[in-house]
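Data first, discussion second: the structure below is written as structure tokens.
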Amino acid sequence: MDCSHVFEFKFKRLIVVFTLFSAFLMVSLGVNAQVDTAHATTETHGETTEKKKFEIGKFALHHIADSHSWHVIGETYIGLPIILFANGSVVTFNDSDFHHDNDAKVVVEKGGQRFVKMHEKIYLASAVANEHGQYVELDEKHHPKNARPLDFSLTKNACTLLLSVVLLLVVFISVANGYKKRHGKSPKGLQSWMEPIILFVRDDIAKPNLGHKYERFMPYLLTVFFFIWFNNMLGLVPFLPGGANLTGNIAVTMVLAVITFLITVFNGNKHYWKHIFWMPGVPVPMKIFLMPLELIGIFTKPIALMIRLFANITAGHILVLSLICLIFVFNSIWVSAASIPFAIFIGGIELMVAFIQAFIFTILSALFIGMAVEEHH
Amino acid sequence: MDLLIPEVGLVVFQTIAFLLLMFLLSKFAWKPVLAAIKEREQSIDDALNKAELAKQEMARLTSQNEELMKQARAERDEILKEAKVLKDSIVNEAKTSAQTEGAKLIEKARIEIENQKKAALAELKGQVSTLSLDIAERVLRSQLDDKAKQQDLVASLLKDVELN
């Protein structure tokens, strides 16, 4: 199989790698700076000022993690519904019942069961509070040891997921209607925005990798491409309809990678499986040696897909957050002169990464499926 | 590390939502869109092919027309040439026939003139002889009157005759 077209995007990958690298660099710089300032303040002002110190790591991680409430502006939050399966019964209530508690200090009693929320995760509450007033038992790393109910809450990510599904349906059904309305004519409006991208997916992703069998996989490739792209861009919007980090969530990328994996496995022809279990054209000991390697390869490909998307989008978010947070870390408005333009610049790159990551996920999916369905002559 | 552990709830939601999205989009969006794009590309290809064919047809017709024009021109030249030859031959014929006719007419006229001349001469001869006889009669009559004069007259007559 000719894989050369995959490497044409070396430059873009370079940018992605650079972004990742700078993300981690900035985070570590930020954390160091925070430690330094913390030291400085404790030295000069004693313990009282320590409460004010800005924890950039926690802040960034909190922002990219899933949440049971949706931040609107200032101190206003929308509490999202919580749906739990605990001990064989369904329990529903709203996140606002926790009164913004995120430290397992407020207990909600529903359906004869008691729940607390800590770091945006719901736990079954302990009978009595610990010495900090928390209704959980903590291990030495401050992680709760309590059992968790099955959490099917409509979290921020789940709501964004529904929103993006509705958005995608509205956009592409209206595009499809455009084709019905202007049958055989040139595209117009939204249709002419989307048509080049649909053609790009068809002609530059599906056809080169899948050959004449491309049509069967077009629905998946198009859906996954636009799903990732739209959600990447929604994630870049810092306020209400956006703000969630859906494609930077490992659960989402895992499901997408598993679907690619299943399509690859179920469409693999006998040549594909022969190449995995009994590599033709090599001596028998080599065949035995290659079998486990090839078997691992089946799984590493989708795992790489999962990690790549998750890491790229998460890194982008952390990078922008870190740059903004530098102002608060140094506690000086003058830092914004450097960090705001930098954050805008990275935001621009993120916009590109949003597209590139959707593209890379889709083209690699097409490549893996193509390897499975390829006919050998 | 919490980031790396997938939440069960979101996994379930994502699976259901994504599969539903894929089903709905492929039914209501991708199928008609891809079909429409393919159809349009087909029609564009067809139109281009037809245009190409029309161009070829046009070229063929043009070359045919040129051929016809060339033939027509050649034919015209041929006809003109023939007409010229014919004209020349007619003119020549007419000239020769006119010449012969003229010659014949001249000959005829000459013969006529000759005949007329001969007739006139003959008539003249007759008149001369009558006249001579008249003269001779009168002379003889007067001679009969005077001998000397007779002799003179005869002499003069003879003289005339000799001169004649």
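Since every read-out is calculated from the coordinates, none of them should be taken as a lab result. Note that the structure is a prediction, hence the values are computed from the model and not measured. Here the Cβ positions follow ideal geometry from the backbone for every residue, glycine too, while neighbour counts run over all protein chains shown.
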Practice item. Note the angle between two axes, namely the Cα long axis of helix A:190-200 and the longest principal axis of the Cα atoms of chain A, as a number of degrees from 0 to 90, rounded to the nearest 10. Key: 60
Check your understanding: Counting pairs of alpha carbon atoms under 8 Å apart in space and at least six apart in sequence, what relative contact order in percent does chain A give?
Key -> 19
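May I ask which of B:Lys27/B:Lys55; A:Lys181/B:Lys55; A:Lys105/A:Lys156; A:Lys185/A:Lys301 have a Cα-Cα span longer than 30 Å here?
Numbers: B:Lys27/B:Lys55 41 Å; A:Lys181/B:Lys55 33 Å; A:Lys105/A:Lys156 22 Å; A:Lys185/A:Lys301 41 Å.
Pairs exceeding the cut-off: B:Lys27/B:Lys55; A:Lys181/B:Lys55; A:Lys185/A:Lys301.
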Revision key, fill the gap. At q = 0.12, 0.18 1/Å the base-10 log of I(q)/I(0) from the Debye formula over the alpha-carbon atoms of chain B is -0.95, -1.17
**Study point:** FRET efficiency, A:Asn269 to A:Arg182 (Cβ-Cβ, R0 30 Å, nearest 0.05)
**Key:** 0.15
Practice item. From the C-alpha gyration tensor of the protein assembly as shown, pull out the three semi-axes of the equivalent ellipsoid (sqrt of 5λ each), sorted largest to smallest, in whole Å. Key: 127, 28, 23
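Starting from the Cα gyration tensor of the range A:185-255, take the square roots of the eigenvalues, sort them a ≥ b ≥ c, and report rounded, prolate or oblate (rounded when a/c is under 1.5, otherwise prolate if a/b is larger than b/c, else oblate). Could the numbers behind the result be given before it?
Values: a/c = 3.49, a/b = 1.40, b/c = 2.49.
Here the range A:185-255 falls in the oblate category.
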Check your understanding: What is the gain in length, in nm to one decimal, between B:Phe28 and B:Val12 on full extension, counting 0.36 nm per residue of separation less the C-alpha to C-alpha distance?
Key -> 3.4 nm
Revision key, fill the gap. Sorted by chain and then number, the residues having a modelled amide H within less than 5 Å of the amide H of A:Ile78, at least 5 places away or on another chain, are A:Trp70, A:His71, A:Val72
Revision key, fill the gap. Once both label points are put 7 Å beyond Cα along the C-beta direction, the B:Leu20-B:Ala119 separation in nm becomes 14.2
Exercise for review: Working from Cα positions, state the angle (0 to 90°, nearest 10) between the long axis of helix A:284-330 and the longest principal axis of chain A.
Suggested key: 40
Exercise for review: Could you work out how far helix A:214-236 tilts from the main Cα principal axis of chain A, as a 0 to 90 degree angle to the nearest 10?
Suggested key: 20
Check your understanding: Tell me, how many Å apart are the Cα centres for the range A:71-139 and for the range A:277-352?
Key -> 33
Exercise for review: Determine ³J(HN,Hα), in whole Hz, for all residues of the range B:57-67 in sequence, where each value follows from phi through the Karplus function 6.51 cos²θ - 1.76 cosθ + 1.60 and θ = phi - 60°; x replaces Gly and Pro.
Suggested key: 4, 4, 4, 4, 4, 4, 5, 5, 4, 4, 4
Review point. Once amide H atoms are placed 1.01 Å from N in the peptide plane, what residues at a sequence separation of 5 or more from A:Lys110, or on another chain, have their amide H within under 5 Å of its amide H?
Key: A:Phe115
Point to revise | Per-residue Cβ neighbour rank within 10 angstrom, fewest leading, A:Ile324, A:Ile344 | key: A:Ile344, A:Ile324
Practice item. Starting from the Cα of B:Lys81, draw a straight line to each of the lysines and keep only those under 19 Å, dropping any in the same chain fewer than 8 residues away. Key: B:Lys70
Practice item. Starting from the amide H of A:Asn94, placed 1.01 Å from N in the peptide plane, find each other amide H under 5 Å away whose residue is 5 or more places distant or on another chain. Key: A:Ile82
Review point. With labels modelled as points extended 7 Å from the Cα through the Cβ direction, what inter-label distance (nm, one decimal) is found for A:Glu294 paired with A:Leu199?
Key: 4.0
Study note, to complete from the structure: Inter-part gap, Cα centre of the range A:180-237 to Cα centre of the range B:1-50, in whole angstrom, is 7
Point to revise | Computed log₁₀ I(q)/I(0) - Debye formula, equal Cα scatterers, no solvent, the range A:81-197, q 0.09, 0.16, 0.20, 0.23 Å⁻¹ | key: -0.44, -0.75, -1.03, -1.24
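Most exposed first by the Cβ proxy, i.e. fewest other Cβ within 10 Å, how do B:Arg60, A:Arg308 rank?
B:Arg60, A:Arg308
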Practice item. Putting +1 on Lys and Arg Cβ atoms and -1 on Asp and Glu Cβ atoms, find which of A:Ala354, A:Phe115, A:Phe227 reaches farthest to the positive end of the dipole of the protein assembly as shown. Key: A:Phe227
